[in-house]
Amino acid sequence: MKELIYLFITFAKIGSVTFGGGYAMLPLLTREFVEKRGWVTDSELTDYFAIGQCTPGIIAVNVSTFIGNKRKGLIGGIVATVGFVSIPIVIITVIAAFLTNFAEYEIVKNAFAGVRACVCVLIINAVLRLWKSSIVDKKTLLIFIAVAAISVLPIDVSPAILVILSAVAGLLIKSVGGKEK
């Protein structure tokens, strides 16, 4: 029970200071769960983000569920998820109640502009971290280039299809050519 309370408090703290969505919070989660606590490896966290991107819901919440599940099973996943969303739900509810009254104030507009700029930097940081742990050889670079090329075509391709095709490509490359050394 003590471990579950600790899990809840840890995720509540992180949920209360996480801004900008899943990728913007990757550096914070890496520092907290990989470097500081050692609850997951960098590779596991990258995998959780990839799976979290492909599954319904918010990436950050999905990642919290995965980490909680790894620590304490199903109940750990539930506790981590509830911990992560509890404080933000309260904050969002309060903001929503008053936002229409404050959204037109110049100071609020300027604050949002500052937050948006910060979130862009956090997302760039997350992309660079993901790049380092995901593009590990020529084969993964080839998959990256293929997906990037497909995603800029003038046709609408679902991200889910891109993920499935990438998974199939990874499996085929591994089965046909083995792992690159």
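Computed from the coordinates by the stated procedures, all read-outs in this text should not be read as laboratory data. Predicted model, so just to flag it, every value in this text is computed and none were measured. No Cβ is skipped: glycine too gets one built from the backbone with ideal geometry, and neighbour counts run over all protein chains shown.
Tabulated results
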item: MRE, 222 nm, helices only [DSSP H, n ≥ 4, -39500 (n - 2.57), over the chain, to nearest 500]; result: -26500 deg cm²/dmol
item: Efficiency of FRET from Cβ geometry, ARG37 and LEU142, R₀ 30 Å, rounded to 0.05; result: 0.30
item: Between helix 138-151 and the chain: long-axis angle, C-alpha atoms, 0 to 90°, nearest 10; result: 60
item: Spin-label model distance (nm) - ILE164 vs SER133, 7 Å beyond Cα toward Cβ; result: 2.7
item: Hydrodynamic radius by Kirkwood, which averages 1/r over all alpha carbon pairs of the range 112-165, in angstrom; result: 13.1
item: Tensor-based shape of the chain (alpha-carbon gyration tensor, a/c under 1.5 rounded, otherwise prolate or oblate); result: oblate
item: Loop GluC sites (Glu not before Pro), the range 38-107, which have at most 13 other Cβ atoms in a 10 Å radius of their Cβ (DSSP); result: GLU104
